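The values are calculated or read from the model by the stated rules, or taken from the named source; none is laboratory data. What you see is a predicted model, and the numbers here were worked out from it, not measured in a lab. For neighbour counting, all protein chains shown are included, and Cβ atoms are generated from backbone atoms with ideal geometry for every residue, glycine included.
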Amino acid sequence: MMRTVAATVRHEAAAARGVWWKRAFDVVLTLPALVVLSPVYAVVAIAVRVNLGSPVIFRQQRPGKDGRPFTLYKFRTMRDARDASGALLPDARRLTRLGALLRATSLDELPELINVVRGEMSLVGPRPLLMEYLPLYSAEQNRRHDVRPGVTGWAQVNGRNALTWREKFALDVEYVDRVSFALDLRILMLTVVSVVRSEGISHRGHVTMQPFRGGHGPDDA
């Protein structure tokens, strides 16, 4: 789908506004949150250490704004279990009960607030996916990288992993074109509701989300 002139104008105007308000909004909310949530960080870190061992924090390269890589931080939710050949076992066999609980409550995402403080992420934006997906995006889908990735986003409050990839990317691009202070506030409030209800944690037949294959899978197109 071709990007319309109106969408381009909206996005450029939003980008100009975002130069100041979005980053300020992130810092003003995130710094106090890190202090208030510090006891939660401590409890989760101890639980992960006791149940899964080290490392407590999962680190992985993800694409940020304009596709530039950064190191994403999350609490670890899976065992490092491998088969006889040394390959990692499927997610369903590595995800622990504690890990499933952390994902259901989104507590595993808390360390991403550090990424927000560092300026690598925003509180609201398209979720940062895998580096290996970058060559698979269409030009339209790649526009999700026109803004900083978010801890939560428009796709997350409209179905999360219950959506198909095509639906997710359409919502990500819609957010890029509509980004505003009011929309970010709305998404943050809806995120609280989604977490309380434990909505959209997994895609059908998967413990999280099936891999993106560039539109070649039954749920990708």
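Observations, loosely collected:
- The condition (being of a type in the set (K, R), surrounded by 12 or more Cβ atoms within 10 Å (Cβ to Cβ) and without any contact (Cβ under 8 Å) to a residue 12 or more places away in the chain) is satisfied by just one residue among R68, R49, R93: R49.
- Options V116, V157: the member that is part of a helix (DSSP H, G or I), at pLDDT 90 or above, β-branched (V, I, T) and more than 19 Å from R178 (Cβ to Cβ): V116
- Some residue of the stretch 130-143 being exposed (fewer than 15 other Cβ atoms within 10 Å of the Cβ) and of a type in the set (F, W, Y): no
- Sole residue being over 19 Å from the mean Cα position of the chain (by Cα), modelled with pLDDT under 85, of a type in the set (A, V, I, L, M) and part of a helix (DSSP H, G or I), chosen from A13, A84, A24, A45: A13
- Among the residues of the stretch 183-204, not a single one is part of a loop (DSSP other than H, G, I, E, B), of a type outside the set (K, R) and modelled with pLDDT of 80 or more.
- Qualifying positions in the stretch 52-81 - of a type in the set (V, I, T) and in a strand (DSSP E or B): I57, T71
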